[in-house]
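The values are calculated or read from the model by the stated rules, or taken from the named source; none is laboratory data. Because the structure is predicted, anything quoted here is derived from the model rather than measured. Using ideal geometry, Cβ is built from the backbone for each residue, glycine included, and neighbour counts are taken over all protein chains shown.
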Amino acid sequence: MGRESNLRSGGSDKIVVAAEAAIAAAAIAAAAVIVAAILAAAGEAVVIAAAEAAAIITVVL
């Protein structure tokens, strides 16, 4: 019912969905940059830990 009323009143739902998608994409990109930096500066064990942390961050979002 909430979605229907939002669609009738101008579709503000679409703006919210687009904003959420943009935030998620930015967070994933930031995590990828962090992982790349760690890859460049550290050993394999740290890289594995960073990849696991990035996966956890992505799941939380």
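Here are a few things to note about the model shown:
- Screening the chain for helices (runs of 4 or more DSSP H) wholly inside it with 3 or more residues that are at pLDDT 70 or above and surrounded by 10 or more Cβ atoms within 10 Å (Cβ to Cβ) returns the ranges 12-41, 44-60.
- Taking first residues from region 38-51 that are within 16 Å of Ile28 (Cβ to Cβ) and partners that are at pLDDT 70 or above and among the small types (Gly, Ala, Ser), the Cβ contacts under 7 Å between residues at least 6 apart in sequence or on separate chains come to Ile38/Ala50.
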